[in-house]
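Trainee: Encoded as structure tokens, here's the structure I'll be asking about.
The values are calculated or read from the model by the stated rules, or taken from the named source; none is laboratory data. Fair warning: this is a prediction, and the values are worked out from it, not measured in the lab. All Cβ positions, glycine included, derive from the backbone under ideal geometry; neighbour counts span all protein chains shown. With ligands, DNA and RNA removed, areas are computed over all heavy atoms of the protein, side chains included. Shrake-Rupley method; radii C 1.70, N 1.55, O 1.52, S 1.80 Å.
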Amino acid sequence: MKNFINLIDIPAESLRKIILDARKRKKKRKNLSSLDIDKDNPLRGKLLIQMFEKSSTRTRLSFYLSIRQLGGGVLNLRKDELHLAKGESLPDTAKILSTYGNAFMLRTDSDKKLDEFKKYMTIPIINGLSPSSHPAQVLSDIFTIEEIKKKPISKLQICWIGDPSNNVINSLIVASLKFSFKLNIAFPKKYYPKKNLYKWAINKKGKVNLLNNPKDAARNSDVIFTDKVISMNDKIDKSKKLKDFKKFQINKRIMACAKKDAIFLHCLPRGPEVTDEVFLGKQSKVWQQALNRVHVQKSILLYCFEKLR
């Protein structure tokens, strides 16, 4: 079995294999409905247990469809439904989940908790989101970019404008090393990426550029990314942060600095970090981006079960 917790721990070759498998599986589902099972039925009889400590729309729906299309079943749990919230130890809970299920997806408010579950589980564990990482989202985003641009992401320039230290940009920085693409990150001067992660990227000779002007970051880019300025883990003065990022809102002027065929991506849910004109415009590919979570997560599950073709 293999875990899928952080992109930094997974070989680039394996990440590429996941994307290639997802591409093949998506093509084969062209005439199938959402709940139709893939013909090879690779995870027949397998149960994915999902636990949500944070609100979820896309992760919940996409993993549900992912395991169902592979022939397996899914059970959703909330922390407050378990004895874990009433005093049962995490090690005991992990052992019980391992006894009943075949894989465990955790969407959590604690990286430490993710590591603790990993320590005691005997089934694969998948990170559905943690404070420092959102690996399934970013791998799916790379799949979407290559699907639209019809070329390897290594030949493209990617731009992130917004919070430089949330879980999505953390995973995107790691992905820029794993997939060898140029990444411009634009943010206000008072903010900064996670220092240890940025230092790691530079030591690995990553092509990560930090800028304080959104137009400079967007210039000649193929893809413009952003995310909510106020993330689920923020424990700060929210009104002040929104004010600090006001000039970093993605609008038509910033998009005009990118290439004419540049696309806009956002993992959702959205806030004031992007105008309606851009979000609902022709360059926005957010709905395709969201749907592709299903296809990539299917291949992530197969990777965890060591069933990638």
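Trainee: Might you check whether a residue that is touching a Cys at 6+ places or on another chain (Cβ under 9 Å) and not hydrophobic (A, V, I, L, M, F, W, C) occurs anywhere in segment 185-207?
Mentor: no
Trainee: Looking at this structure, is Ile236 open to solvent by less than 10 Å² (accessible area, probe 1.4 Å), of a type in the set (Val, Ile, Thr) and not in a strand (DSSP E or B)?
Mentor: no
Trainee: Being in a helix (DSSP H, G or I) and more than 19 Å from the chain's Cα centre (by Cα) is the filter here, so list the residues in segment 176-205 that pass it.
Mentor: Lys195, Asn196, Lys199, Trp200, Ile202, Asn203
Trainee: Among the numbered conditions (1) part of a loop (DSSP other than H, G, I, E, B); (2) crowded, with 18+ Cβ neighbours inside 10 Å, tell me where Asp261 comes up short.
Mentor: (2)
Trainee: Under 6 Å between Cβ atoms, at least 6 apart or on separate chains: pull out the pairs that start in segment 290-308 with a residue that is part of a loop (DSSP other than H, G, I, E, B) and end on any residue that is among the hydrophobic types (A, V, I, L, M, F, W, C).
Mentor: Between residues of segment 290-308 that are part of a loop (DSSP other than H, G, I, E, B) and residues that are among the hydrophobic types (A, V, I, L, M, F, W, C), the close pairs are Leu308/Leu302.
Trainee: Among the residues of segment 247-256, how many are under 17 Å from His266 (Cα atoms) and not in a loop (DSSP other than H, G, I, E, B)?
Mentor: 5
Trainee: Restricting to segment 39-61, what's the tally of residues that are under 22 Å from Asp111 (Cα atoms) and surrounded by 15 or more Cβ atoms within 10 Å (Cβ to Cβ)?
Mentor: Qualifying residue count for the region: 11.
Trainee: Right, another one. Among the candidates Lys30, Lys26, Lys2, Lys17, which residue alone is in a loop (DSSP other than H, G, I, E, B), basic (Lys, Arg) and at pLDDT 95 or above?
Mentor: Lys2
Trainee: For the subset of segment 163-199 comprising residues that are of a type in the set (Phe, Trp, Tyr) and touching a residue at least 40 places away in the same chain (Cβ under 8 Å), which member is most open to solvent (accessible area, probe 1.4 Å)?
Mentor: Tyr191
Trainee: Search segment 106-119 for residues that are surrounded by 16 or more Cβ atoms within 10 Å (Cβ to Cβ) and pair each with any residue that is assigned to a loop (DSSP other than H, G, I, E, B) when their beta-carbon atoms are under 6 Å apart and the residues are at least 6 apart or on different chains.
Mentor: Every condition considered, the pairs that remain are Arg107/Lys54; Arg107/Ser56; Thr108/Glu53; Asp111/Pro131; Asp111/Ser132; Leu114/Thr108.
Trainee: Okay, moving on. Does Val296 count as within 18 Å of the chain's Cα centre (by Cα), closer than 30 Å to Pro124 by Cα and surrounded by 20 or more Cβ atoms within 10 Å (Cβ to Cβ)?
Mentor: yes
Trainee: Being modelled with pLDDT of 95 or more, touching a His at 6+ places or on another chain (Cβ under 8 Å) and crowded, with 16+ Cβ neighbours inside 10 Å: is that true of Ser130 here?
Mentor: Considered against the rule, which asks whether it is modelled with pLDDT of 95 or more, touching a His at 6+ places or on another chain (Cβ under 8 Å) and crowded, with 16+ Cβ neighbours inside 10 Å, Ser130 comes out as no.
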